[in-house]
Amino acid sequence: MLKTRVFRLIRFGGLVCIALALGAPAHAQTTLPPISIGAGMRTSFVHTEPDGPLDGTDAFLLDSVRLYVSGSVTDKIKIMFNTEYNGSQNDVEVLDAAAQLAFSSKFNIWFGRFLPPSDRSNLYGPYYANHWAVYTDGVQDGYPFIFQGRANGAMYWGQFGKVKVSGGAFDGTTLTGDDTLLAAGRVQVDFWDAEDGYYLNGTYYGDKNLLAIGAAGQMQGEDKSAYSVDFLMERKLGGGSAATVEAEWAKYDKLGGYSSSYGIDDGGYVLGSYLFPKTSGPGQWEVLGKFGKARFREGLTLLDLDHDQKTTEIDVNYVLKQFNARLMMFYLDTRFDAVRTNFKRFGVGLQLQM
C-alpha cells in the first residue's frame, strides 16, 4: 500500500512538472516584445530602344522583392533586419541589419548596415520615390555603397523640431576598397510640416505641406569627397490633390559617382508632379515630369572622353494606396553627347507593399 501511494505521488509530481514545462514556452512567448514583418515587390515590363542599328528589346522584370523585419529588445533598443531579392543579379542580399538605440527623438545611435547620411533620394529609395526610373540620371544617390545605398558603420541622428541632423563613420574597405574610414553627415530644415524619423519620402501624396532643404556630404581621406543639396516642396490643393517639386544638385569628386572611369561626376535635376483630386474610383491619377543633366569629367584614359548626359522622364501613375499599391507608366529618354549610345525606354511598373 505504501509503495502504491509513493508511486502515485511521484507520478502526480511528474505530471505537474510536465505541465509547468509545457506552459513555460507559452508564457515566455507572450512576454516577447512585438515584432513587425512586412514585404514589398516591384515588377515591370520594359521596352528599350537604342539609337543606331541595334534592335530594341522587350523584357518582363522582377525588379525587386523585399522582406522587412523589425522589433524591440527593450523600450529603447530596437533591431532592423531587411533583405532584398536583386533582380539584376538574381540573388538575395542583406539590405539593412542595424541595432538602433533610441534614447529620444534628439538622440539616436545606429550600428550595423543601413543608409548613411546622404541625399534625399538615397534616404527614400525606390519604394518611396515619386517616380519609377530612380538612379538613372547620373545625379541621384551617386554616393558609394555596398548594396542599394547601404554602408557598414555607426551613426548618430537627432531631430530638433523642424531640424534634423545626422553624422557617422563608415567602413571604407567595403565601400571603395580604401581602408580609410568614410565620414558622412547631413542637415535638413523643414520650414512647413516636419518630417519625422530618419528615412524620408519623395512625396507624401498630399498628407503634408512640405518645404524642406537638405545638405549632405561624405569624405574619405584628404582628396575624396561627395556632397549634395536637395529640395522638396509639396502643397495640398484641395480635394485630395497635391503639387510637388523636387530638385537636387550633387558633385562626386573621386568618391562615388555613376562611373568608375571618371574622377568627377556632377549635375542636377528637377522634378514636378501633380496628383489629381480624388474621384469615385479606387485610386488617384498623377502626372510627373523630370529632367536631369550630369557631367562626366577627368576620365582615367584617353578613351574616357568628357561628356554630358541628359535624362528626361515622364510618368503617368495610378495611385491606389500610396506606396503600398501603385501602377506607374513611364517614358525615359537618355542622351549622351559622346562615349555612350542614346536610348529610350517605355514601360509599366507595379509596386505592392504590405
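The values are calculated or read from the model by the stated rules, or taken from the named source; none is laboratory data. Note that the structure is a prediction, hence the values are computed from the model and not measured. Here the Cβ positions follow ideal geometry from the backbone for every residue, glycine too, while neighbour counts run over all protein chains shown. All accessible areas refer to the heavy atoms of the entire protein, side chains included, with ligands and DNA or RNA removed. Shrake-Rupley method; radii C 1.70, N 1.55, O 1.52, S 1.80 Å.
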Against the condition aromatic (Phe, Trp, Tyr), within 30 Å of Gly168 (Cα to Cα) and part of a loop (DSSP other than H, G, I, E, B), how does Tyr227 come out, does it pass? no
Among the residues of the range 62-74, how many are open to solvent by 70 Å² or more (accessible area, probe 1.4 Å) and under 30 Å from Gln100 (Cα atoms)? 2
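Matching residues to (1) of a type in the set (Phe, Trp, Tyr); (2) more than 23 Å from Leu332 (Cα to Cα); (3) surrounded by fewer than 24 Cβ atoms within 10 Å (Cβ to Cβ):
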residue	(1), (2), (3)
Lys106	no, yes, yes
Trp110	yes, yes, no
Asp119	no, no, no
Tyr128	yes, no, yes
Tyr135	yes, no, yes
Ala169	no, yes, yes
Given Thr174, Thr203, which one is part of a helix (DSSP H, G or I) and either open to solvent by 20 Å² or more (accessible area, probe 1.4 Å) or not acidic (Asp, Glu) (or both)? Thr174
Within the range 75-92, restricting attention to residues that are within 18 Å of the chain's Cα centre (by Cα) and open to solvent by less than 60 Å² (accessible area, probe 1.4 Å), which residue is farthest from Ser166 (Cα to Cα)? Gly87
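State the number of residues belonging to the range 64-110 that are of a type in the set (D, E, K, R), free of Cβ contacts under 8 Å to residues at least 60 places away in the same chain and part of a strand (DSSP E or B).
So the answer is 4.
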Applying the selection to the range 286-304, what residues are surrounded by 15 or more Cβ atoms within 10 Å (Cβ to Cβ), closer than 22 Å to Ile264 by Cα and not charged (D, E, K, R)? Phe291, Gly292, Ala294, Phe296, Gly299
Assuming Lys321 fulfils every condition listed in (1) of a type outside the set (A, V, I, L, M, F, W, C); (2) open to solvent by 80 Å² or more (accessible area, probe 1.4 Å); (3) touching a Gly at 6+ places or on another chain (Cβ under 6 Å) apart from one, which condition is it? (3)
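With respect to Tyr318, is the statement that it is within 18 Å of Trp132 (Cα to Cα) and in contact (Cβ under 8 Å) with a residue 40 or more places away in the chain true?
Working: within 18 Å of Trp132 (Cα to Cα): yes; in contact (Cβ under 8 Å) with a residue 40 or more places away in the chain: no.
The answer is no for Tyr318.
If only one of Ala99, Ala59 is open to solvent by less than 40 Å² (accessible area, probe 1.4 Å) and at pLDDT 95 or above, which one is it? First the steps, then the outcome.
Numbers: Ala99 fails: open to solvent by less than 40 Å² (accessible area, probe 1.4 Å).
On inspection, the qualifying residue turns out to be Ala59.
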List the number of the failed condition for Gly349; all other conditions in (1) crowded, with 16+ Cβ neighbours inside 10 Å; (2) more than 28 Å from Tyr68 (Cα to Cα) hold. (2)
What pairs come out if I take residues in the range 270-293 that are more than 12 Å from Thr312 (Cβ to Cβ) and assigned to a strand (DSSP E or B) and pair them with residues that are open to solvent by less than 30 Å² (accessible area, probe 1.4 Å) and of a type in the set (Lys, Arg) whose C-beta lies under 6 Å away, six or more apart or interchain? none
Pair list, Cβ under 8 Å, 6 or more apart: the range 223-243 residue at positive phi, other residue open to solvent by 40 Å² or more (accessible area, probe 1.4 Å) and of a type in the set (Lys, Arg): Gly239/Lys278; Gly240/Lys278
